[in-house]
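The values are calculated or read from the model by the stated rules, or taken from the named source; none is laboratory data. Given the structure is predicted, the values throughout are model-derived calculations rather than measurements. Here the Cβ positions follow ideal geometry from the backbone for every residue, glycine too, while neighbour counts run over all protein chains shown.
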Amino acid sequence: MSSPDLTAADVAAVNDVLETRYLSLGPQLVAFEEAFAAAVGVRHAVGVNSGTSGLHLSVIAAGIEENDLVITTPFSFIASANCVLFERAIPIFVDVDPQTLNIDPAQVAQAADHLSRGGDAAKRWLPPAIRNSQCASRHLKAILPVDAFGQPADYDAIRAVAVEHDLWVIEDSCEAIGATYKGRPAGTLGDAAVFAFYPNKQITAGEGGMIVTDRDDWAALFRSLRNQGRDVFDAWLNHTRLGYNYRLDEMSAALGLSQLKRIEELLEKRERVAGWYKQRLAGVEGIQVPYVAPSTTRMSWFVYVVRIAPAMGCIAPAMGRDRVMQALKARGIPSRPYFTPIHLQPFYRERFGYQRGRFPVTEMAGDTCLALPFSGVMEERQVDRVCAVLRDALT
Ligand SMILES: *Cc1c(COP(=O)(O)O)cnc(C)c1O
């Protein structure tokens, strides 16, 4: 499906760390953080061991506690909602925009209005299983938009809601390094933003994540929380607060830094592959190529996701997509449904009582979206083959 783009320089960077015998909390981490902060254009970047860890620490920094409410999208990778659950808070899903598949700002505004007012208006936004339980403290604290597939959410509209209701904005930019929104880089659009470096991401560190923020107090808190709650001035084994081991090791930091030096090249290669796909698939009946909003001044291509039109007269919309997926598989081409809506994941259904029908736009996307093989190292003839087989499968 995807393949990391690694060079001899990347390999040498990791080997050099091993030679130094300095494997954690060393100079590579500092260098990676400084280069990353400069690349995004923020005051602070704090390295952690995954994007999920970064989201968790951002939720803590925003003061989100048990039974607090956080507005977020159900059309995402599960970590963007799980991080709210880690603090026993409640993700409030609102449906997505049918074109961008990012959180719909109009519904964010409505949900924030109703939830701040409380009472019956608020109820319909709460998960079914806890809608009628009396919970004394339920405060709306934050909005957590996701820059899905590498396209920034609509932050001007989202921030207006945040300002009106005094909410934090935590940006899940794990899929959007290098993207820009109205000329502003992803990562600068919320109070804190999180990036991730799993091997399928635009740049990889093996595993790893980076939290960025302009806030000095949050940056200091992130550094403490990732290292078992130690403050910089704490004596050895003195722990000021409850913390975690979310540290990013030196080998990973060195690989991340080495990759970051090539970020322009890596993004351009992915953009070129996306262009090949678009050239071959735009206008093909039964297929919708990715929509890039005018506000997205630069798309950072994370995946190439097409939508397969539901078959005529078909009651289950996913059937058309699944048939295409099988046909591709039969010819040796991997593809995946992407995303599976979070509210329909077994654990969320069970805990929150969600059923099909609650978020129709998200569910339609979940039924029709298909991620095709995609990476910066794909060649034009490989894209050709995928598209030829795909066109075949549709007829
Ligand atoms: C990759 C990703 C994350 C974080 O992933 P990790 O595997 O924990 O690094 C979070 N949110 C989204 C939307 C992602 O795609």
Scope segment 349-382; condition among the β-branched types (Val, Ile, Thr) and in a loop (DSSP other than H, G, I, E, B); matching residues: 377
Scanning segment 82-94 for residues that are buried (at least 24 other Cβ atoms within 10 Å of the Cβ) and either more than 19 Å from residue 115 (Cβ to Cβ) or within 12 Å of the ligand (Cβ to nearest atom) (or both) gives 83
Residues of segment 61-73 classified as surrounded by 20 or more Cβ atoms within 10 Å (Cβ to Cβ) and among the charged types (D, E, K, R), total: 1
Quick one: would you say residue 333 is out of contact with any His (no Cβ under 8 Å at 6 or more places or on another chain), in a loop (DSSP other than H, G, I, E, B) and touching a residue at least 40 places away in the same chain (Cβ under 8 Å)? yes
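Out of the residues in segment 255-307 that are acidic (Asp, Glu) and not in a loop (DSSP other than H, G, I, E, B), which is nearest to residue 1 (Cα to Cα)? Steps first, answer last, please.
Of the residues in segment 255-307, the ones acidic (Asp, Glu) are 264-265, 268, 271, 285.
From what is left, the residues that are not in a loop (DSSP other than H, G, I, E, B) are 264-265, 268, 271.
Numbers: 264: 22, 265: 20, 268: 19, 271: 16 Å.
Going through the qualifying residues, I end up with 271.
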Residues being part of a loop (DSSP other than H, G, I, E, B), touching a helix residue (DSSP H, G or I) at 6+ places or on another chain (Cβ under 6 Å) and of a type outside the set (Val, Ile, Thr): count how many of those fall in segment 88-119. 4
Which numbered condition residue 234 misses (of (1) within 16 Å of the ligand (Cβ to nearest atom); (2) under 26 Å from residue 21 (Cβ atoms)): (1)
Of the criteria (1) more than 30 Å from residue 301 (Cβ to Cβ); (2) within 18 Å of the chain's Cα centre (by Cα); (3) charged (D, E, K, R), which one residue 166 fails: (2)
List every residue pair whose Cβ atoms sit under 7 Å apart, with the two residues 6 or more apart in sequence or on different chains, where the first one lies in segment 77-88 and is touching a residue at least 12 places away in the same chain (Cβ under 8 Å) and the second, anywhere, is near the ligand (Cβ under 8 Å from one of its atoms) and among the acidic types (Asp, Glu). 80/172
For segment 50-66, state whether one or more residues are in a loop (DSSP other than H, G, I, E, B), within 26 Å of residue 198 (Cα to Cα), within 16 Å of the ligand (Cβ to nearest atom) and in contact with a helix residue (DSSP H, G or I) (Cβ under 7 Å, 6 or more places away or on another chain). no
Residue match in segment 197-208 (condition: assigned to a loop (DSSP other than H, G, I, E, B), under 22 Å from residue 263 (Cβ atoms), away from the ligand (no atom under 11 Å from the Cβ) and touching a Lys or Arg at 6+ places or on another chain (Cβ under 9 Å)): yes
Meets criteria (buried (at least 24 other Cβ atoms within 10 Å of the Cβ) and in the same structural domain as residue 114 (by TED's automatic domain parsing)) for residue 76: yes
Quick check on segment 209-227: of everything there that is outside any helix (DSSP H, G or I) and in contact with a Gly (Cβ under 6 Å, 6 or more places away or on another chain), which residue is surrounded by the most Cβ atoms within 10 Å (Cβ to Cβ)? 211
Considering only residues of segment 263-280 that are touching a helix residue (DSSP H, G or I) at 6+ places or on another chain (Cβ under 8 Å) and under 23 Å from residue 200 (Cα atoms), which is surrounded by the fewest Cβ atoms within 10 Å (Cβ to Cβ)? 263
Note on segment 71-81: residues away from the ligand (no atom under 11 Å from the Cβ) and part of a strand (DSSP E or B) are 71
Within segment 121-157, take every residue that is within 16 Å of the ligand (Cβ to nearest atom), among the hydrophobic types (A, V, I, L, M, F, W, C) and under 19 Å from residue 294 (Cα atoms) and give me the one that is surrounded by the most Cβ atoms within 10 Å (Cβ to Cβ). 153
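For every residue, the table says whether it meets (1) at positive phi; (2) outside any loop (DSSP other than H, G, I, E, B); (3) assigned by TED's automatic domain parsing to the domain that holds residue 358.
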site	(1), (2), (3)
121	no, yes, no
125	no, no, no
133	no, no, no
149	yes, yes, no
156	no, yes, no
162	no, yes, no
Being within 25 Å of residue 366 (Cα to Cα) and hydroxyl-bearing (Ser, Thr, Tyr) is the filter here, so list the residues in segment 51-106 that pass it. 52, 72, 73, 76, 80, 100
With 124, 117, 184 as the choices, which residue is of a type in the set (D, E, K, R) and within 20 Å of residue 81 (Cα to Cα)? 124
